[in-house]
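The values are calculated or read from the model by the stated rules, or taken from the named source; none is laboratory data. These figures come from a predicted structure and were not determined experimentally. Every residue, glycine as well, gets a Cβ built from its backbone with ideal geometry; the counts of neighbours run over all protein chains shown.
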Amino acid sequence: MNELLLLSAAQLGAAIGAGRVSAAEVTEAHLDQIEAVDGHVNAFLHVDREAALATAAGIDARRAAGEKLGPLAGVPLGLKDVLTMTGAPTTCGSKILEGWVPPYNATVTQRLIDAGIVILGKTNLDEFAMGSSTENSAFGPTRNPWDLDRIPGGSGGGSAAALAAFCTPIAIGTDTGGSIRQPAAVTGTVGIKPTYGGTSRYGLVAMASSLDQPGPCARNVLDAALLHEVIGGHDPRDSTSINQPVPKVVDAACNGDVSGMKIGVVKELGGEGYAPGVQQRFDEAVALLTRLGADVVEVSCPNFEYAMAAYYLILPSEVSSNLAKFDAMRFGLRVGDDGTHSAEEVMALTREAGFGPEVKRRIIIGTYALSSGYYDAYYGSAQKVRTLIDRDFDAAFAEVDVLVSPTTPTTAFKLGERVDDPLAMYKADLCTIPSNLAGNASASFPVGLAPEDGLPVGLQVMAPPMADDRLYRVGAALEKALEEQWGGPLWRQLPDLAGTAARTSAGTTSMGAGR
């Protein structure tokens with residue numbers, strides 16, 4: 001494997017800035033890796049080699065001219081295909097938007113471009129970000145680089161898998177109910193859900209407007225912090241954007257220290273129903289935080305028990321409203337427009353052909369929940385539960401600095417295992433949903449491999465709104481201590497997918513040894 005692929009985004013940025021390597025060389029190395037392994041992983045829906053190399057060459061020219069650029073200038077990135085980007089299709093993983101090229105950049109996309117980051121392409125996702133496994137994409141499932149028979153999490157499995165497959169050092173995801181943190185947990189990577197309003201939703205194709213939030217994905221804590229600093233901050237084009245400075249996330253990532261921190265273990269997020277290996281690695285990580293000087297206590301958040309039920313009424317209701325725009329009249333797919341069908345029939349035929357089963361399921365549930373006679377009983381009641389969950393967080397954060405839990409109840413399950421069982425699928429986000437309902441900051445950090453299956457386990461950290469720096473403080477402390485135990489980062493135990501590709505073409509399917 002090309003050694004450039006093993007460097008962090010911070011290391012690559014420093015090397016490019018010092019002239020030890022060019023942005024074009026770094027970009028070429030990652031494009032070659034995509035070509036070598038993505039046929040196995042399916043992390044990317046669209047890659048524009050020519051545009052990426054042109055952007056990298058432009059960064060090199062600006063460096064040569066003496067222009068001072070940021071720490072991530074010239075570093076490659078994968079962009080979740082739910083954020084608009086001019087010149088590239090935005091499909092949201094759906095047939096209804098196949099081939100649609102937006103006329104504007106999302107604010108997050110524009111900030112990446114302004115920072116000199118090289119966007120390699122658009123990453124795969126569950127259709128309109130609805131799912132917990134990236135099996136709902138209209139363009140095929142993404143596979144987990146730790147085990148190609150397993151899911152990479154969802155909905156942002158493409159971004160997480162691209163990191164684990166060394167196709168990119170950093171990526172952007174979006175988190176509505178855990179779609180950054182859950183894929184991070186099951187791929188052994190870092191995923192951050194910023195405070196709601198801490199990153200702009202302008203240009204993010206909405207699924208659930210009160211829940212969706214873009215955030216950084218990376219293989220280590222510092223890279224995530226550097227990316228967070230790029231995309232964070234107020235945006236006047238987003239009415240939900242918070243007009244406050246970005247928390248000092250890079251400082252926290254560089255100086256991770258939990259001594260004196262009070263950390264609460266959420267009683268309701270653990271124990272029965274959690275895989276033994278997940279619980280074991282979580283308990284070990286909590287014990288490590290105690291040894292590092294944190295004061296760890298148990299905290300009860302009783303209304304978290306109702307979070308999933310409330311979420312799956314609020315989210316479909318907002319889905320029903322937001323996806324009404326896909327009506328075959330303005331943009332995207334259009335079916336049945338042959339002069340023999342009415343506008344209503346064209347709309348129905350288009351939606352039947354363009355939307356997948358999970359999207360249809362959520363639209364139906366949401367429409368029912370919002371219907372006359374049921375609004376107060378379902379949607380209204382769910383919003384009351386949301387308020388109670390918010391109060392649980394407020395009470396907990398009055399006693400502790402951060403809360404912790406497992407990120408997911410299990411490690412990555414097998415492809416196809418839960419496709420026909422929506423409730424089992426939804427439970428993958430059991431631990432992550434409360435933070436989306438409340439809008440506070442949260443993250444997932446890798447804490448080892450489960451002994452029973454050798455797959456990654458994530459620890460979730462939750463912090464008060466606009467205290468995102470606390471996430472990085474805990475994550476950096478854990479990362480440093482665990483890497484000392486492991487003798488290096490967790491990703492060094494990943495299978496060599498490039499070797500797999502070569503062996504498969506030669507007639508063998510062995511995964512090969514780790515690096």
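For the range 78-127, filtering for residues that are more than 18 Å from V359 (Cβ to Cβ) and assigned to a helix (DSSP H, G or I) leaves 8. Does S137 satisfy the condition of being surrounded by 24 or more Cβ atoms within 10 Å (Cβ to Cβ), of a type in the set (S, T, N, Q) and in a helix (DSSP H, G or I)? No: the conditions fail for S137.
Residues of the range 213-245 being under 26 Å from L292 (Cβ atoms) and of a type outside the set (G, A, S), which ones? Step through it out loud before you land on a result.
Taking the range 213-245 and keeping what is under 26 Å from L292 (Cβ atoms), we get 215-229.
P216, C217, R219, N220, V221, L222, D223, L226, L227, H228, E229, listed by residue number.
Within the range 281-302, being farther than 24 Å from F393 by Cβ and not in a loop (DSSP other than H, G, I, E, B) holds for R281, E284, A287, L288, R291. Which condition number does R143 fail, the rest of (1) under 21 Å from I363 (Cα atoms); (2) of a type in the set (K, R); (3) in contact with a Pro (Cβ under 9 Å, 6 or more places away or on another chain) being met? It is condition (1) that R143 fails.
Of all residues in the range 1-54, those being buried (at least 17 other Cβ atoms within 10 Å of the Cβ) and at pLDDT below 95 number 0. Evaluate the following for I34: is it in contact (Cβ under 8 Å) with a residue 24 or more places away in the chain, touching a Gly at 6+ places or on another chain (Cβ under 6 Å), assigned to a helix (DSSP H, G or I) and of a type outside the set (S, T, N, Q)? Against the criterion (in contact (Cβ under 8 Å) with a residue 24 or more places away in the chain, touching a Gly at 6+ places or on another chain (Cβ under 6 Å), assigned to a helix (DSSP H, G or I) and of a type outside the set (S, T, N, Q)), I34 does not qualify. Scanning the range 347-373 for residues that are surrounded by 14 or more Cβ atoms within 10 Å (Cβ to Cβ) and outside any helix (DSSP H, G or I) returns F355, G356, L370.
Annotation note: Cβ proximity below 6 Å between a residue of the range 354-369 that is touching a residue at least 24 places away in the same chain (Cβ under 8 Å) and closer than 20 Å to L97 by Cβ and a residue that is among the hydroxyl-bearing types (S, T, Y) and part of a helix (DSSP H, G or I) (sequence gap 6+ or interchain) occurs for I363/S320; G366/S317; G366/S320. Here A88 passes the criteria (1) within 19 Å of A171 (Cα to Cα); (2) surrounded by 24 or more Cβ atoms within 10 Å (Cβ to Cβ) except the one numbered (2).
Please verify whether L315 is aliphatic (A, V, I, L, M), farther than 24 Å from V385 by Cβ and either out of contact with any Gly (no Cβ under 7 Å at 6 or more places or on another chain) or in a helix (DSSP H, G or I) (or both), treating the condition exactly as stated.
On the way: aliphatic (A, V, I, L, M): yes; farther than 24 Å from V385 by Cβ: no; either out of contact with any Gly (no Cβ under 7 Å at 6 or more places or on another chain) or in a helix (DSSP H, G or I) (or both): yes.
No, not satisfied.
If only one of A287, A275, A307, A328 is of a type outside the set (F, W, Y) and within 21 Å of S381 (Cβ to Cβ), which one is it? Walk me through how you get there before you give the answer.
On the way: A287 fails: within 21 Å of S381 (Cβ to Cβ); A275 fails: within 21 Å of S381 (Cβ to Cβ); A328 fails: within 21 Å of S381 (Cβ to Cβ).
The conditions single out A307.
Take A396 and decide whether it is surrounded by fewer than 18 Cβ atoms within 10 Å (Cβ to Cβ) and farther than 19 Å from S209 by Cα. When the stated conditions are applied, A396 does not pass them. The set of residues from the range 88-114 being on the phi > 0 side of the Ramachandran plot and either modelled with pLDDT under 95 or among the charged types (D, E, K, R) (or both) comprises just one member, G99.
Are any of the residues in the range 235-255 part of a loop (DSSP other than H, G, I, E, B), surrounded by fewer than 24 Cβ atoms within 10 Å (Cβ to Cβ), over 15 Å from the mean Cα position of the chain (by Cα) and at pLDDT below 95?
yes
Inside the range 140-228, counting only strands (runs of 3 or more DSSP E) that do not spill past its ends, which hold 2 or more residues that are of a type in the set (V, I, T)? Per the criteria, 170-174, 190-193.
Scanning the range 321-345 for residues that are touching a residue at least 40 places away in the same chain (Cβ under 8 Å) and part of a loop (DSSP other than H, G, I, E, B), we see that the one that is surrounded by the most Cβ atoms within 10 Å (Cβ to Cβ) is F326. Can you tell which of I117, I192 is farther than 22 Å from A428 by Cα and either touching a Phe, Trp or Tyr at 6+ places or on another chain (Cβ under 6 Å) or at pLDDT 95 or above (or both)? Unique residue meeting the criteria: I117.
Here is a check on your reading of the model: is A56 more than 20 Å from M207 (Cβ to Cβ), in contact with a strand residue (DSSP E or B) (Cβ under 6 Å, 6 or more places away or on another chain) and either in contact (Cβ under 8 Å) with a residue 60 or more places away in the chain or assigned to a loop (DSSP other than H, G, I, E, B) (or both)? For A56, the condition - more than 20 Å from M207 (Cβ to Cβ), in contact with a strand residue (DSSP E or B) (Cβ under 6 Å, 6 or more places away or on another chain) and either in contact (Cβ under 8 Å) with a residue 60 or more places away in the chain or assigned to a loop (DSSP other than H, G, I, E, B) (or both) - is met. Screening A164 on (1) closer than 30 Å to R492 by Cβ; (2) touching a helix residue (DSSP H, G or I) at 6+ places or on another chain (Cβ under 6 Å); (3) surrounded by fewer than 24 Cβ atoms within 10 Å (Cβ to Cβ) shows it passes everything except condition (3). Based on what the data block shows, is S381 touching a residue at least 24 places away in the same chain (Cβ under 8 Å), over 27 Å from the mean Cα position of the chain (by Cα) and surrounded by 13 or more Cβ atoms within 10 Å (Cβ to Cβ)? Considered against the rule, which asks whether it is touching a residue at least 24 places away in the same chain (Cβ under 8 Å), over 27 Å from the mean Cα position of the chain (by Cα) and surrounded by 13 or more Cβ atoms within 10 Å (Cβ to Cβ), S381 comes out as yes. Can A218 be described as buried (at least 24 other Cβ atoms within 10 Å of the Cβ), out of contact with any helix residue (DSSP H, G or I) (no Cβ under 7 Å at 6 or more places or on another chain) and small (G, A, S)? Judged against the criteria, A218 is not a match.
Look at the range 261-276: where a residue is closer than 21 Å to G454 by Cα and a partner is of a type in the set (S, T, N, Q) and at pLDDT 95 or above, sitting 6+ places away or on another chain with Cβ atoms under 7 Å, you get G270/Q279; G270/S405; A275/T410; A275/T411.
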